[in-house]
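Reading through the structure tokens given below for one structure.
The values are calculated or read from the model by the stated rules, or taken from the named source; none is laboratory data. Computed from a prediction, not measured in an experiment: that's the story for all the values here. Note that we place each Cβ from the backbone using ideal geometry, even for glycine, and neighbour counts take in every protein chain shown.
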């Protein structure tokens, strides 16, 4: 079976993801675009195909419909209402919960038994709803979670210290939203504790910059797209290449019955195993608070 990926929603996020797949060496062999505006999906497919002569891999790209989900390895949902200036991610919950019910039901009618990757905000809530609507095992449903927040954190630390972000081992956990937090107790530069490099004040400042980054970008350009698109490619490759890679995605927390951002092992099974970290008491309280916010949001729409 081919490594077939279906993207539902050809807006800024969906197409940034598709374009990033085209430009990076990817395991994806077949890429299907679905959008409520079918002509847009066809146009996007044409545009992407014209770049294939300069891409690193051959991908069969075309506009399709929900029937194409049947034999897909992954269905990535980026459809939904956009976050407007002044809106929080949670403000989108009512609009997007209605959209998602119809999308997931149509996907499942095709006979889909692959892995859902959710990018639509509020991503932790939408991931939970996808699981409920699809009735798939929890390992086969995951959201982008705090992978982008983690990338932002590593970029900012690396930029501040003039160190390659790939050598910075730090995570953002919790809700992909205002209650997210950085467990600084486990953060490392190489093998050294972060406190050797950053003061408490600098850590607090970096956390605020990460938390508020989306608001600043939306204020300036109207949306966030490139960072999340590349994050989705990283998740996709980890799954399709059976990497057993640890990434900060929104995966199922059985104890609390929520999907929430945290380090998770990704392989061909999807979100194969969530890693539970020993947090300080203050960090554990922050995680508990973040989970509570997600649970309260789910109760409003579930």
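Miscellaneous remarks
- Highlighted here are the strands (runs of 3 or more DSSP E) found entirely within the range 1-68 that include at least 1 residues which are touching a residue at least 24 places away in the same chain (Cβ under 8 Å), over 22 Å from residue 144 (Cα atoms) and not assigned by TED's automatic domain parsing to the domain that holds residue 238: 60-63.
- The strands (runs of 3 or more DSSP E) found entirely in the range 197-299 that carry 3 or more residues being more than 25 Å from residue 113 (Cβ to Cβ) are 258-267.
- Residues of the range 183-225 that turn out to be within 19 Å of residue 247 (Cβ to Cβ) and surrounded by fewer than 16 Cβ atoms within 10 Å (Cβ to Cβ), as a count: 1
- Number of the exception - residue 239 against (1) surrounded by fewer than 16 Cβ atoms within 10 Å (Cβ to Cβ); (2) in contact (Cβ under 8 Å) with a residue 12 or more places away in the chain; (3) under 21 Å from residue 124 (Cα atoms): (1)
- Any chance residue 65 is modelled with pLDDT under 95 and more than 30 Å from residue 205 (Cα to Cα): no
- Output for the range 226-236, where each listed residue is over 16 Å from residue 25 (Cβ atoms) and buried (at least 21 other Cβ atoms within 10 Å of the Cβ): 228, 231
- The one condition from (1) closer than 21 Å to residue 131 by Cβ; (2) surrounded by 13 or more Cβ atoms within 10 Å (Cβ to Cβ); (3) at pLDDT below 95 that residue 269 does not meet is (3).
- Lone unmet requirement of (1) crowded, with 17+ Cβ neighbours inside 10 Å; (2) closer than 24 Å to residue 268 by Cα for residue 71: (1)
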